[in-house]
Structures are given as C-alpha cells and as structure tokens.
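None of the figures in this text is laboratory data; all of them are computed from the coordinates on show. Keep in mind that what you see is a predicted model, and the values were worked out from it rather than measured. Quick reminder, even Gly has a Cβ in these numbers, built from the backbone with ideal geometry, and neighbours come from all protein chains shown.
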Amino acid sequence: MEDTPLIIVDTADKLQEMVEALADEPVLGIDTEADSMHRYREKVCLIQLSDRTTDYIVDPLAGFPLEPLAPMMSDPDRVKIFHGADYDVVSLRRDFGWTFKNLFDTMISAQILGLPKVGLADLCKSTFGVHMDKKYQTHDWARRPLYDEHLDYARGDTHFLLALREMLLRKLKRADRMDVATEEFEALEDREWKGPTMGDPGRFLKMKGANKLDQRSLQVLRALWTYRDGKAAAADRPPYKVVPDPVLVQVATRKPKNMDDLSQVMRAKSTMYKRHGEALLKAVEAGLVDDRELPKPFKKVKVGTKPRYGARETDRLFTQLKAWRTGLTSGKKGLPPAMVGSNSTLKGIAGFRPHDKDELHQVIELRNWQINRYGDELLDIIQRFEQGLPPRQAQSAPGEGSSSRRRRRRKTSSD
C-alpha cells in the first residue's frame, strides 16, 4: 500500500480530476466512514475509492457538491466492490440520494463460500498475509484534520478490494456459486433505511425494557426521552452518551421524587447525576401529569409470503424443511445453512405450501437461484408431506387452514 499513490479529494476541482481519471476504470473499490458513535445525526464523513493504481479519499465535509460521483455509482457497466455493502449503500443513499448498479460484496462472497472468517481484516490476512490494524474503527471521522494514521486506516479498507475480488471470483466460479452471488449482489442495490427516523415521536418505545412498563411509566419515559433528546441534539452527541437507555428506563420505573431516590439508579458522585439529576426529576414530574395519548410504536413493515394453510400443518412442514436443510448442509463443502434457506424462508415455504415451480416463485422469501437449485427437492418434500395428511387437510383450499376449519366446524355444530 505504501507504494500506491494516495490522493485527497477536498475541492470540487480535485473531484472533477478524480472522476476524469476514473472514467475508463471498469472496477472500483469503495468504502465509507461515518460518525454514528459521536454525533446526534449520523453522516458520511469519508468516501474511499481505489482503482488498479491509485487510492482516493473524498472528504464530503469539505463543503463541495458530490453530484459528479452519482453516475459512477449507478453505472451498470462499472463494478463497485464493497465489503458489507448494506451499510454503505444505505448511508450513501440517505445522504446523497445515489442509486447503485453492478455491486460486488466481498463479505457476502466469503459467506457464500462458507469461509470461517468473513471480516475484511481476516480475509486480507488469510489471502494476502496483510495485517490490518482496526484501532480506528470507532474513530470520530468528522474531526479534522485527518492525520497520516487515519488516512492509512481509511485507504486500507478499499486498497485490497480489487485483488480480493479476483481471488473470491475464482473461488465462486470453482464452487459453481456465481448464480448465488449475482442475485445476492443485485438485492443490495435497493437497500434503504427502514427503521424509525429521528423525527418519529414513538422512538422512545423502542428502548429495551419499554415494552414491560405500564402506561404511567411510559408517560414518564416519554418526558425523560424528550429531555435527553433535546440535550443530545444541542450538544450534537449520540443520545445514549448523554444518558444511557437503561438508566432512563430505570428512572421511569422507579419515578424518584428527590436526588436521594435518584441516587439509587445512578451514582451520586457521577457526572451524569450532577449534570442531569435535577432535570431528570423535573421530567419525572412532568411525565406523571402528562395525560396525552401515547404514540403508536414504530413497526417495521414485514414483507413476507401470506400463508395459505393453518399453523399446525405449517409448523410440521417447517420442521421437515429444517431437517432437509440440515442434511443438505452437514458437509463442509455445501452452502451455509442460512444461504440455503433461512428460517423465515423455510417458514414462508411451509405456510404457502407451493405445488409447482410457478407457485415457488410466489414465495417472496425465495431467490431464483434457490428455486433453480432446490425447487424440485422442495416440491418433493411438500408432496410427501401432503400424502401423509388426512385427505381433508391435504385438499383444503388455499387460505383455508386447520384453524379456519375448526372454527367452521364449531359454528356448524352450534347451529
């Protein structure tokens, strides 16, 4: 790496020069550094790129527009290599609105190959004998200036990606798993943030332990969270570094009336107690008289195949599918179990119970490569499972499971 030029891109002119220099490069290594552990609102602080001859570090905080990079990311003819692309794609789309095409993920490739360690440092050590010091993994990347040790760490995350891709490509082809990798990479292109946003008034309900609190305690927790969130925003610090979540939940549970009571939750000599103690007590008082309706907790939209059959048959078939997966992956040369079919995938198959290839494609959780590789086996398992069912259960109409049949029988008998 010390023999490779490093170019710092911190002006619009330098960015344009970089874009022109990379115009004919078919493959790029890309990574990002952010400040999630140090700021109230996380942001991308560095964008690293490497081609075959040069490492680049782009500084998004230098105050120049990054639009010239957008066509590069969406170019279907240019390979973009990431290690753990999920986070980077989500972050870059959030901050800059970029779209992505033609990704290659070295971490997913290692998982598909069933390698024992899939971290970038582990892969570089096992593949190239290179030791990568990860001591700056939690560095505050929004701080300036950046010193040589920071730049070396950052460029190291992309410098080896091109060579690593070459090695992994050979192994994927040798193992006949390129179809798996290609479809998994394509799934990364549409990644975007699906969790609660900073403006969501129900974020406090996601704290660990909040679901065990009664309504009055939740009213108090909301007041405590509102105080902490304001302090965190004003100081531009992550909320958990102002007052940790478990402390807020404990205060909401105990509802201390004075500083002595509060000392049972946090040490009286601590900076947190001295700095926030009085304000937390006022928040408790405010929460106790706050009768506003609680917001509804954020719920991730669960995308999955709607089951067509009852829970009892679904669970039995799910058990058989797991046994099939265990047998298929027991050898060291097979795909990892989670790649063959995660529990949610097998559950989707069991609940929908497809009867042909067309119906297999209706199982949202299934990838095309899984259907191509395992479709016949899955259909055979389902067929044998249904042969073992009583005729009435095996022939029930889609959407009419055992539970609905029991309800109908009860109604008929009562009539």
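Numbers for the structure displayed
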| item | result |
| --- | --- |
| Residues with amide H under 5 Å from that of Leu22, placed H, sequence gap 5 or more | none |
| Sequence-distant residues sharing a close amide H with Ile7 (under 5 Å, placed H) | Asp55, Tyr56, Ile57 |
| Given charges at Cβ of Lys, Arg, Asp, Glu: the chain dipole, positive-most of Pro76, Gln16, Leu224 | Leu224 |
| Gyration tensor (alpha-carbon) shape descriptor, segment 138-232, a/c threshold 1.5 | oblate |
| Top positive-direction residue, dipole computed over the chain with Cβ charges, set Gln320, Leu28, Val90 | Gln320 |
| Extension gain, Arg144 back to Asn372 (0.36 nm per residue minus Cα-Cα distance, nm) | 77.0 nm |
| ³J(HN,Hα), Karplus 6.51/-1.76/1.60, whole Hz, each residue of segment 204-217, x for Gly, Pro | 5, 6, 8, 4, 4, x, 5, 5, 9, 8, 6, 4, 5, 5 |
| Residues Glu20 and Tyr240, FRET efficiency given R0 of 51 Å [Cβ-Cβ distance, rounded to 0.05] | 0.75 |
| Hypothetical label at Thr11: residues of segment 60-81 whose amide nitrogen lies under 20 Å (7 Å Cα-Cβ projection) | 60-69 |
| Inter-label distance for Tyr87 and Thr4, nm, one decimal - labels placed 7 Å from Cα along Cα-to-Cβ | 2.0 nm |
| Mean separation of Cα contacts under 8 Å, 6 or more apart, over the residue count of segment 93-230: relative contact order % | 32 percent |
| Alpha carbon centroid spacing (whole Å) that separates segment 169-228 from segment 6-78 | 26 Å |
| Sequence-distant aspartates and glutamates (8 or more away, or on other chains) whose Cα lies within less than 20 Å of Lys171 | Asp105, Asp122, Asp179, Glu183, Glu184, Glu186 |
| Top of Arg39, Arg228, Arg275 by mean-square fluctuation, Gaussian network on the chain, Cα under 10 Å | Arg275 |
| Of all DSSP beta bridges in the chain, antiparallel share, percent nearest 5 | 50 percent |
| Debye log10 I(q)/I(0) at q = 0.14, 0.18 Å⁻¹ for segment 203-288, Cα point scatterers | -0.40, -0.68 |
| Cβ-Cβ FRET estimate between Glu293 and Lys269, R0 fixed at 45 Å, reported to 0.05 | 0.70 |
| Calculated [θ] (222 nm, deg cm²/dmol) that DSSP helices of n ≥ 4 give over the chain, each run adding -39,500 (n - 2.57) | -15000 deg cm²/dmol |
| Built amide H within the under 5 Å cut-off of Asp35, gap 5+ | Lys43, Cys45 |
| Long-range tail of P(r) for the chain (Cα pairs > 34 Å, %) | 52 percent |
| Cα-Cα over 18 Å, subset of Lys117/Lys173; Lys206/Lys299; Lys231/Lys274; Lys212/Lys296; Lys173/Lys357; Lys241/Lys296 | Lys117/Lys173; Lys173/Lys357; Lys241/Lys296 |
| Choice from Leu92, Leu22, Leu294 showing the highest fluctuation, given a GNM over the chain with Cα pairs closer than 10 Å | Leu294 |
| Part-to-part distance (alpha-carbon centres) for segment 90-161 and segment 292-346, which is given in Å | 30 Å |
